[in-house]
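Below: one structure, written as structure tokens.
Bear in mind that the values in this text are calculations on the coordinates, not laboratory data. Since the model is a prediction, treat every value here as computed from it, not as a measurement. Note: ideal-geometry Cβ built from the backbone for every residue, glycine included; neighbour counts use all protein chains shown.
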């Protein structure tokens with residue numbers, strides 16, 4: 001009993017941080033309508049700034065604290081002014097993508113400025129224990145709890161009792177709502193971004209002595225924070241608080257009692273929240289429920305042969321005329337292209353946001369290796385079978401999509417990606433040993449050696465062919481009954497159901513196909529390097545691929561091909577890295593470039609070409625009409 | 001029992017608010033039934049319940065003597081209950097023709113796997129309906145590019161293409177000009193003549209009383225009158241609740 005209580009109390013600290021981050025998320029969401037996936041990254045970055053002022057520069061803690069929070073407010077303001085304000089009329093997904101870009105940018109910026117690895121932060125609150133209910137508790141945890149409580153109370157009072165709060169709540173309903181109260185929407189959003197970022201900063205600073213600082217790990221605090229905010233429907237602050245505490249305590253208890261199940265700590269509380277969402281949801285959107293269906297247009301497949309021919313020729317030239325390090329890297333980028341294509345199906349055509357694609361790739365990779373070992377199946381059949389193993393996983397992850405939609409689904413799938421990473425890919429009993437992570441024999445067909453390790457260019461050709469075949473499958477789908485049904489579901493689930501389409505079936509088919517394609521990518525990865533490691537499938541990378549798919553053109557096949565040239569390993573990215581001589585700097589620049597691309601082309605690059613063509617056609621038509629008029 | 005749609009004692013609740021309270025409507029094959037009532041009377045909620053979009057708190061829905069009360073919406077649609085929406089809600093990335101055929105295509109088990117390798121041309125033809133509604137020339141257009149009245153007709157056409165037993169029309173004349181409304185009335189009567197049952201929810205009471213055989217009037221979720229069109233038209237409850245305001249407007 002005593003032990004139980006100890007672990008409950010141990011969970012209060014992290015719980016308070018989940019609550020604080022959730023609180024900031026809600027503030028930003030209410031004030032600007034943005035679900036900020038980069039929120040925990042702001043917390044992380046501010047905590048780094050705090051540590052730097054305090055431990056590197058050596059200023060007193062209170063000064064460092066205040067300066068760090070000023071930095072947080074500025075950061076929030078900058079994000080609003082440079083990114084979210086210009087995107088206020090863009091599709092919701094454009095803003096989600098921009099916030100994912102923010103996450104990537106801040107994470108690599110922190111790496112660059114403060115260094116990779118994990119940093120300790122000297123405690124700044126008294127850590128000596130006090131006795132409560134016969135349990136010895138550190139002061140720092142109590143302080144965290146009190147801060148979270150007080151801040152929640154303050155924010156609650158501000159939103160309930162002040163004109164600013166009223167205006168913010170009105171703005172969340174409609175832009176005009178805010179105008180009625182005399183506030184401009186832009187200013188409200190700016191202020192809420194600053195408040196939200198400061199709240200994130202406080203959470204980040206307070207947790208840093210307990211959890212230690214790591215750019216990537218802390219950015220993924222976004223998942224529990226989102227879960228807490230979702231529990232409170234992005235509205236009820238005390239429910240958010242309770243959700244955060246529940247997650248913290250749950251994690252702590254699992255680490256005590258179910259410690260032998262790998263990765264359960266990070267997973268189970270999240271699954272519980274998913275359960276709540278699913279329970280609360282309904283199979284069709286109900287009247288008054290906000291449904292975002294403003295995805296960029298999904299054009300018919302046109303000139304596919306030309307596109308594929310251009311892509312193949314360019315790819316082959318790159319593979320055989322660039323130095324072999326570039327060829328190997330470009331092969332990685334093309335495998336990324338297959339993942340991006342898998343996103344075109346699930347996000348672009350069915351409108352279901354999945355942040356789990358790299359998880360499916362991981363399943364495909366490990367399954368491919370196992371199958372090759374145990375069934376003695378050879379390349380490339382082993383890859384296809386491995387990808388088939390990813391299909392049921394995809395359907396399982398897709399099940400919540402039957403009742404959860406929009407950005408909520410993004411949160412659920414991100415949680416699934418984290419669960420796969422922690423429970424499967426980090427699980428030694430799955431991945432240990434040669435049989436777990438190394439292919440038995442390199443790739444080869446008809447006596448031709450295609451081994452990715454020794455013949456990178458030849459293996460690159462295999463990947464070109466594979467990508468083109470996948471594109472053909474997806475293009476076929478777009479032209480078929482199933483493709484039409486997918487686009488109908490994407491446009492309007494209710495109308496699709498009323499038109500006799502089984503919305504559930506269509507969604508699960510899309511998840512199945514999407515997981516299959518991503519699984520193929522995983523198998524291709526395995527044969528390229530001969531082995532895989534869990535670092536290849538961190539949940540984080542799903543976010544990168546989603547962002548790339550979106551800026552390429554999420555609902556177009558051309559977008560997937562464009563995304564290939566932007567993916568990690570593509571010649572341009574590699575050249576940038578070599579030219580600068582630092583991975584961190586080039587990654588930061590890529591992150592910034594990504595955000596800027598979203599800001600300037602919120603419909604994606606493929607549609608940019610299309611829009612230009614359309615404009616030219618209209619101009620010509622207009623010119624022809626004036627000519628008719630004058631003649 | 002003679003077939004058609006029989007919706008009995010339909011009740012819909014949103015939280016503690018009862019939007020539809022034990023409303024019963026019968027639509028026999030070939031008949032046009034009007035459902036009228038002021039704004040917020042529960043007309044759309046009734047259609048949502050009958051088509052399975054909104055869960056019902058009570059009541060049963062029978063189609064051709066088959067109890068479909070517990071069926072999901074897409075099965076009811078396939079069984080022959082189709083509808084239109086107030087906001088049209090067309091599939092914007094599909095052409096007009098595709099909007100129609102997607103509503104009547106059926107898929108086989110694992111048909112989508114075959115679609116990956118060999119997409120089949122659609123077995124369904126929308127030509128006949130397109131011609132009947134007068135949309136043949138616009139078959140390849142994208143709905144976004146069409147004017148509101150035409151979009152509405154596409155919505156009606158989409159509900160008709162699968163040869164339904166009964167069609168529930170949610171304010172099909174809203175936003176149409178008087179000529180288009182006339183035309184719509186003619187289309188609907190022609191349609192009923194082919195044996196389809198129609199339930200017409202409409203604000204334009206002229207249209208309702210001109211083309212409907214029977215009319216049900218509801219207010220605040222309750223039935224206040226039902227019967228042959230001319231009887232409902234002269235019912236005092238209806239005049240008080242609904243037509244009363246219309247007549248005042250007309251005479252002023």
- Query: For helix A:381-398, what angle does its Cα long axis make with the longest principal axis of chain A, in degrees from 0 to 90 and rounded to 10?
  - Reply: 40 degrees
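By counting other Cβ atoms within 10 Å of each Cβ, how are B:235, A:582 ranked from fewest to most? Write out the running numbers ahead of the final one.
On the way: B:235 19, A:582 14.
Going from least to most buried by this count: A:582, B:235.
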- Query: Restricting attention to the alpha-carbon atoms of chain B, what are Rg (one decimal) and Dmax (integer), both in Å?
  - Reply: 18.6, 67
- Whole-number D in µm² s⁻¹ for the protein assembly as shown, Kirkwood Cα-pair radius fed into Stokes-Einstein, 20 °C, 1.002 mPa s: 72 µm²/s
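Extension gain residue A:578-residue A:113, at 0.36 nm per residue separation less the Cα-Cα distance, in nm?
On the way: separation 465, 0.36 × 465 = 167.40 nm, distance 1.87 nm.
Gain in length upon complete extension: 165.5 nm.
If you take the beta carbon distance between residue B:213 and residue A:303 as r and set R0 to 30 Å, what does 1/(1 + (r/R0)^6) give as a FRET efficiency, to the nearest 0.05?
On the way: r = 54 Å, r/R0 = 1.78.
Efficiency, from the Cβ-Cβ distance: 0.05.
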- Message: Can you give me the distance in nm between label points at residue B:39 and residue A:429, each placed 7 Å from the Cα along the Cα-to-Cβ direction?
- Response: 6.3 nm
- Note on the structure: Expected sort for A:228-241, A:20-33 on mean C-beta neighbours within 10 Å, highest first, is A:20-33, A:228-241
- Query: How far is helix A:324-343 tilted off the main Cα axis of chain A, in degrees rounded to 10, range 0 to 90?
  - Reply: 80 degrees
- Tell me the label-point distance for the pair residue B:108, residue A:378, using the 7 Å Cα-to-Cβ offset, in nm and rounded to one decimal. 3.4 nm
- Message: Would you calculate the convex hull of the Cα atoms in the range A:434-533 and tell me its volume per residue in Å³?
- Response: 126 Å³
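If r is the Cβ-Cβ distance from residue B:28 to residue B:124 and R0 is 22 Å, what FRET efficiency results, to the nearest 0.05? Could the numbers behind the result be given before it?
Numbers: r = 27 Å, r/R0 = 1.25.
FRET efficiency, residue B:28 to residue B:124: 0.20.
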- Task: Could you estimate the translational diffusion coefficient of the range B:28-145 from the Stokes-Einstein equation, with Rh from the Kirkwood formula over C-alpha pairs, at 37 °C and 0.692 mPa s, in whole µm²/s?
- Result: 192 µm²/s
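For a Förster distance of 45 Å, can you work out the FRET efficiency between the beta-carbons of residue A:617 and residue A:66, rounded to the nearest 0.05? Kindly include the intermediate steps, with their values, before the conclusion.
Working: r = 57 Å, r/R0 = 1.27.
The calculated FRET efficiency here is 0.20.
Quick one: order B:48, A:451 by neighbouring beta-carbon count within 10 Å, fewest to most. Don't jump to the answer; show the numbers that get you there.
On the way: B:48 27, A:451 18.
Result, fewest neighbours first: A:451, B:48.
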- Which whole number gives the average count of other chain Cβ atoms within 10 Å of the Cβ atoms across peptide B:51-58? 3
- Residue-averaged beta-carbon neighbours from other chains (10 angstrom radius) around B:107-119: 6
- Task: Take the alpha carbon atoms of the range A:185-209, find their center, do the same for the range A:293-322, and report the distance between the two centers in whole angstrom.
- Result: 42 Å
- Item | Residues listed by number, the range B:16-46, amide nitrogen under 16 Å from residue B:60 label point at 7 Å toward C-beta | B:22-27
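How do A:45, A:326, A:550 line up, fewest other C-beta atoms within 10 Å first?
Working: A:45 29, A:326 19, A:550 35.
By the 10 Å Cβ count, ascending: A:326, A:45, A:550.
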- Query: If you stretched the chain out fully between residue A:125 and residue A:233, how much longer would it get, using 0.36 nm times the residue separation minus the C-alpha to C-alpha distance?
  - Reply: 35.6 nm
- Item | Distant alpha-carbon pairs in the range A:13-254 (separation over 27 angstrom), percent | 32 percent
- Mean residue ellipticity (222 nm) of chain A, computed from DSSP H runs ≥ 4 via -39,500 (n - 2.57), nearest 500: -23500 deg cm²/dmol
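Take the alpha carbon atoms of the range A:320-569, find their radius of gyration, then divide it by 2.2 N^0.38 Å using N residues; give the quotient. Spell out each step's value before the answer.
Numbers: Rg = 17.4 Å, N = 250, 2.2 N^0.38 = 17.9 Å.
That works out to 0.97 for the range A:320-569.
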- Note on the structure: Expressed as a whole-number percentage, the relative contact order of the range B:59-192 with C-alpha contacts under 8 angstrom and at least six residues apart is 37 percent
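Quote the Stokes-Einstein diffusion coefficient, in whole µm² s⁻¹, for the range B:91-162, based on the Kirkwood radius over alpha carbon pairs, a temperature of 20 °C and a viscosity of 1.002 mPa s. Mind showing how you got there, number by number?
On the way: Rh = 12.8 Å.
The diffusion coefficient I find is 167 µm²/s.
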